[in-house]
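First the structure, in the form of structure tokens, and then the observations on it.
Read-outs throughout are calculated quantities, based only on the coordinates presented, and are distinct from any laboratory measurement. Just so you know, these numbers come straight off a predicted model, no measurement behind them. Note that each Cβ is placed from the backbone with ideal geometry, even for glycine, and that neighbours are counted across all protein chains shown.
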Amino acid sequence: MDSSIMSLSRFMLEEQRKHPLAHGDFTLILEQIAFAAKIISREVNKAGLVNILGSAKTHNVHGETQQKLDLFANERMIRVLNPTGKVCAMASEEIDDAIPVDDKSLEGKYSVVFDPLDGSSNIDVNVSIGTIFGIYRRLDDNNCLHSLLQKGKELVCSGYVIYGSSTMFVYTTGNGVNGFTLDPSVGEFLLSHKNIKIPEYGKIYSINESNYDRWPEGIKEYVKFIRNHPDRQYTARWIGSFVADFHRNLLKGGVFSYPENTKNPQGKLRLLYEANPMAFVVENAGGAATDGKHRILDIQPTSLHERVPLVIGSKYEVELYAEFREKYG
Ligand code: P6P
């Protein structure tokens, strides 16, 4: 392999060397998540061929039909993290309560939250989907649930995997955001997007306008304004897969919003394993994420699966949205 080509494994080891006190526990966790991503990618990319598609005929805590790949991805994440013995607590979108860990893991120094396969309703129609994860240091109170219910600003690492035209692993440890593209021929994630910065301004807005009549007035006024912006030509892009919409806006600039509405008073996305990890990524790429008023990373979670209104992306666009909410409610 050309020495100028940086693999994810080598990148993580070089990052670890910058922290003299690092013991490699954190690197091991991250490597295992990347390993799970490779396995999930393999199954996602052949899903249409091995009849893994279709509903698993079970439902997750939110009453959503679980696709078989949801369950597969969830199992993969748990099976790679548990044996490390470094993770004292896990929470997943697919499991009601905190996930029990092996006894030897109870001493683990980290807790991990994840959405194993976000956007899974798109699996059968070959639309990009993704895995979202966040890693916290365990709290000293030895209460696993508390170690999961930390504010997003306490994250030590977060990122996502997008299973699209290629599989990419994008993450931050608080010092910039880097993207790695999977080369299936060598089974390695290779550095392809170094030090990602989201443009301060973006012309893409991502919001499901079918909710228009159920929005608060401020959101209606905001959308009407950007549809007819006096100086800037915006365009609407809504894939219906958060990781895909977020990733495009991260690279090109833009804003994604799933706000509160009369049908979803707290919006649809979950604070713990969707909004927080992506807010940590976007802020480290120079962007912003709020619930329309408050910084997402400052919100204190109170339960594993709580939802939060979310607007996330280019800094100027998030601030413009907030101006309309402040003015019109
Ligand atoms: P709607 C997928 O189910 C998801 O949680 C996100 O990935 C996506 O952005 C959103 O829901 C789509 O919601 O209401 O447009 O179907």
Practice item. Any chance you could give the angle, 0 to 90 degrees and rounded to 10, that helix 217-227 forms with the longest Cα principal axis of the chain? Key: 90 degrees
Review point. Using +1 on the beta carbon of Lys and Arg, -1 on that of Asp and Glu, and nothing else charged, what's the dipole of segment 204-328 about the Cα centre, debye to 20?
Key: 280 debye
Practice item. For the chain, build the charge dipole from Cβ charges (+1 Lys, Arg; -1 Asp, Glu) around the Cα centre, then report which of Tyr328, Ala36, Val113 sits farthest towards its positive end. Key: Tyr328
Practice item. Springs between alpha-carbon atoms under 10 Å, Gaussian network over the chain: tell me which of Glu188, Glu64, Glu31 tops the mean-square fluctuations. Key: Glu64
Revision key, fill the gap. The helix 315-328 Cα axis meets the longest alpha-carbon principal axis of the chain at an angle in degrees, between 0 and 90 and rounded to 10, of 50 degrees
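Using a 10 Å cut-off around each Cβ, can you sort His305, His59 from fewest to most neighbouring Cβ atoms?
Numbers: His305 18, His59 11.
Ordered from fewest to most neighbouring Cβ atoms within 10 Å, His305, His59 come out as His59, His305.
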**Study point:** Cα extents of the chain along the three principal axes, largest first (Å)
**Key:** 55, 45, 44
Exercise for review: Report the residue, chosen from Lys224, Lys151, Lys293, that carries the largest GNM mean-square fluctuation when the chain is represented by alpha-carbon nodes joined by springs under 10 Å.
Suggested key: Lys224
Exercise for review: For Asp183 and Asp25, calculate 0.36 nm times their separation in residues minus their Cα-Cα distance, and state this gained length in nm to one decimal.
Suggested key: 54.3 nm
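Find me the longest stretch of the chain that has none of the exposed chymotrypsin sites (Phe, Trp or Tyr not before Pro), where exposed means in a DSSP loop (not H, G, I, E or B) with at most 16 other Cβ atoms within 10 Å.
Working: sites that count: Tyr201, Trp238.
Here the longest run is 1-200.
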**Study point:** Check: the chain dipole with +1 on Lys, Arg Cβ and -1 on Asp, Glu Cβ, in debye
**Key:** 620 debye
